[in-house]
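Step one of this worksheet: look at the structure below.
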Amino acid sequence: MTADPFTGLLAGARAEGWSTVLLDLTGVTAKPALMDRFARALDLPDWFGRNWDALADSLGDLPRGERGLLLIVTGWQAYAEARPEEWAVAREVLDSATGPDLCAVLALGGSH
């Protein structure tokens, strides 16, 4: 068994033509840190506005593989508990961005 349970999944997705991003939100309990993690994981430009509209726009502009982009979000539970209203907005942004070429998955359990 590997140390990272997502290694095989991500490798398999890449082999099938997907771009992949693992977004670990472990320890994040405030919006600025959430936006920083998104910016880092998605390699967003320095001018990224770090607000919900900017995140929604950025998710639509991300480079995708032949099949699309697989985004796996781990460690999100602490943020959801600390900021339930903000987490609801984050979920809406992810849900709205998800489509045939973007698959956003919230991993259950702890962080990887």
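The values are calculated or read from the model by the stated rules, or taken from the named source; none is laboratory data. Computed from a predicted model, the values in this text were never measured in an experiment. Every residue, glycine as well, gets a Cβ built from its backbone with ideal geometry; the counts of neighbours run over all protein chains shown. Just so you know, the surface numbers come from the protein's heavy atoms only, side chains and all, with ligands and any DNA or RNA stripped out. Shrake-Rupley method; radii C 1.70, N 1.55, O 1.52, S 1.80 Å.
Would you pick out the residues in region 41-97 that are part of a helix (DSSP H, G or I) and touching a Pro at 6+ places or on another chain (Cβ under 9 Å)? Give the derivation first.
Here is the first cut: in region 41-97, the residues part of a helix (DSSP H, G or I) are 41, 52-61, 77-82, 84-97.
Residue satisfying the conditions is S58 alone.
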**Message:** What are the pairs with Cβ atoms under 9 angstrom where one residue, in region 78-104, is at pLDDT 95 or above and the other, located anywhere, is of a type in the set (K, R)? Sequence gap at least six, or different chains.
**Reply:** Y79/K31; A80/R91; R83/K31; E86/K31; A90/K31; A90/R83
**Request:** Determine whether P5 is of a type outside the set (V, I, T), assigned to a loop (DSSP other than H, G, I, E, B), modelled with pLDDT under 95 and exposed (fewer than 12 other Cβ atoms within 10 Å of the Cβ).
**Result:** no
**Complete:** G49 meets each of (1) over 22 Å from T7 (Cβ atoms); (2) open to solvent by less than 20 Å² (accessible area, probe 1.4 Å); (3) of a type outside the set (D, E, K, R) with one exception, condition (2)
**Prompt:** Can you name every residue in region 1-36 that is touching a residue at least 40 places away in the same chain (Cβ under 8 Å) and among the charged types (D, E, K, R)?
**Reply:** D4, R14, E16, D24, K31
